Amino acid sequence: MNDLQAALLTVFPALVIIAAMTDAVSFTIPNRISLLLLAVYVPVCLLLGRPLAEIGVEVAIGFAALLLGMGMFAAGWIGGGDVKLFAASALWLGWAGLPVFLLVTALAGGALAVLLLNARSAAMKPYFRGAPAWFARLVTPGAGVPYGVAIAAGALAAFPRCALMSAFHGHF
């Protein structure tokens, strides 16, 4: 059973990495990524023997993150795909991972914004001649910020601290 548990736990980091890459390349995060994170969460919890009460708390955290993300979306700060990835990540990370997730996501988002502001300056334009089309879009002045990259950085930094990982390590 430990091999199955370990395999299921790789779903979270794999999907947030795919979300980050997709967002960086296309400024979109497909709904199927967030839906897969939601669909796999409960089976992983059950296979790891997590108590239903703790699962319920994490569902509430995910819902609260969704509401917070909807507010950020309404303010025009992030996109809809970012909201869904943020909420699905908060669900997986729970209380134990939430502080690191929020901190690293905020710091990575700020660093990403500064990096893109500099990369989008007129002084940098000559260095990006001949760049792939996706990169040219990324460094186009006025283009959006692929915040899914920052969310993925926060999620990956927090994942080792989450209760799911603690439950997995408790089986050894």
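Each reported figure results from applying straightforward, stated rules to the coordinates on display, with no laboratory input. Note that the structure is a prediction, hence the values are computed from the model and not measured. Positions of Cβ are backbone-derived with ideal geometry, glycine not excepted, and every protein chain shown enters the neighbour counts.
Once you place label points 7 Å from the Cα toward the Cβ at MET72 and ALA123, how far apart are they in nm?
3.0
Does anyone have the angle between helix 52-74 and the longest principal axis of the chain? Alpha-carbon axes, 0 to 90°, nearest 10?
20
Please determine, in degrees from 0 to 90 and to the nearest 10, the orientation of helix 11-26 with respect to the longest principal axis defined by the Cα atoms of the chain, where the helix direction is its Cα long axis.
20
Once phi is turned into ³J(HN,Hα) by the Karplus curve 6.51 cos²θ - 1.76 cosθ + 1.60 with θ = phi - 60°, what whole-Hz value does each residue of segment 87-94 show in order, with x for glycine and proline?
Calculated HN-Hα couplings, in order: 5, 5, 5, 4, 4, 5, 7, x Hz.
For a Förster distance of 25 Å, can you work out the FRET efficiency between the beta-carbons of ILE17 and LEU103, rounded to the nearest 0.05?
0.80
What number, rounded to the nearest 500 deg cm²/dmol, is the helix-based mean residue ellipticity at 222 nm of the chain, given -39500 (n - 2.57) per DSSP H run of at least four residues and division by all its residues?
About -25000 deg cm²/dmol.
Among THR22, THR10, THR105, which comes first, then next, by fewest other beta-carbon atoms within 10 Å?
The most exposed by this proxy come first: THR10, THR22, THR105.
Can you pull the semi-axes for segment 2-170, root of five times each eigenvalue of the Cα gyration tensor, sorted largest first, whole Å?
One finds semi-axes of 32, 16, 13 Å for segment 2-170.
Pulled fully out, how much extra length does the chain show between ALA143 and VAL57, if you take 0.36 nm times their separation in residues and subtract their Cα-Cα distance?
Working: separation 86, 0.36 × 86 = 30.96 nm, distance 3.72 nm.
Going from the current span to full extension adds 27.2 nm.
Please compute the contact order of segment 2-170 in relative form: average sequence separation of alpha-carbon pairs under 8 Å and at least six residues apart, divided by the residue count, as a percent.
Relative contact order here is 34 percent.
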